[in-house]
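The values are calculated or read from the model by the stated rules, or taken from the named source; none is laboratory data. Source: prediction; values computed, not measured. For neighbour counting, all protein chains shown are included, and Cβ atoms are generated from backbone atoms with ideal geometry for every residue, glycine included. Surface accessibility is based on the protein's heavy atoms, side chains included, excluding ligands, DNA and RNA. Shrake-Rupley method; radii C 1.70, N 1.55, O 1.52, S 1.80 Å.
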Amino acid sequence: VVGGHVETSLKAAAYSSAGTVSGGAGGIIPIGKQVDISASTERSDWLPGIVAAGTRSGITVALRGTSSAAPQVARRLGMALMDPANHGARTLPAFLALLSGSPGVIPVADEGVLPSGKLRLGGWVLE
């Protein structure tokens, strides 16, 4: 699952979910699928979206949402898989391991549900 974050603060975008969680005396417990990695979907709190270019017209537009984060992760995976040494990656953990060693991929240390935590950002964020 790919989440979205604010580029300037590396905090989860307001609309990027933590997935299903259960709260109780033992704290917050993740249930089911959770965010694995996140990519920039907002430039800052004041500049919404990320700039994307048209293929032929040269026009630019601001894209928002996790639907703009998923292609960024797919592009990075595709670039990693261009290396023949990485052709054996067949599972999500293997793909994430490929990305974790790439430049511009930052591990998330905070375990919590706050906008800077793993439940909202996943294990890594793409710069």
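Structure data summary
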read-out: Ranking by accessible area, most exposed first, for 81, 92, 99 with a 1.4 Å probe; value: 92, 81, 99
read-out: Heavy atoms of residue 29 accessible to a 1.4 Å probe, total area in Å² rounded to 10; value: 90 Å²
read-out: Trypsin sites (Lys or Arg not before Pro) lying in DSSP loop within the range 54-127, provided at most 12 other Cβ fall within 10 Å; value: 56, 90
read-out: Accessible surface, per residue, of the range 1-96 when the full set of protein chains is kept, probe 1.4 Å, Å²; value: 63 Å²
read-out: Probe 1.4 Å - accessible area at residue 7, Å² to nearest ten; value: 100 Å²
read-out: Nearest-0.05 FRET efficiency for residue 31 and residue 52, computed from C-beta distance (R0 30 Å); value: 0.35
read-out: Exposure rank, largest accessible area first [28, 106; 1.4 Å]; value: 28, 106
read-out: Cβ-derived FRET efficiency at R0 41 Å, residue 22 paired with residue 82, nearest 0.05; value: 0.50
read-out: In Å², nearest 10: area of residue 44 left accessible to a 1.4 Å probe; value: 20 Å²
read-out: All-pairs alpha carbon distance profile, the chain, 10 Å steps from 0, percent; value: 13, 40, 32, 13, 2, 0
read-out: Length added when fully stretched, residue 127-residue 75, from 0.36 nm per residue minus Cα-Cα; value: 17.4 nm
read-out: DSSP-defined beta bridges in the chain - what % are antiparallel, rounded to 5; value: 65 percent
read-out: Heavy-atom accessible surface of the range 50-127: percent carbon and sulfur, 1.4 Å; value: 62 percent
read-out: Where 55, 20 fall by accessible area, highest first, once all protein chains stay in place (1.4 Å); value: 55, 20
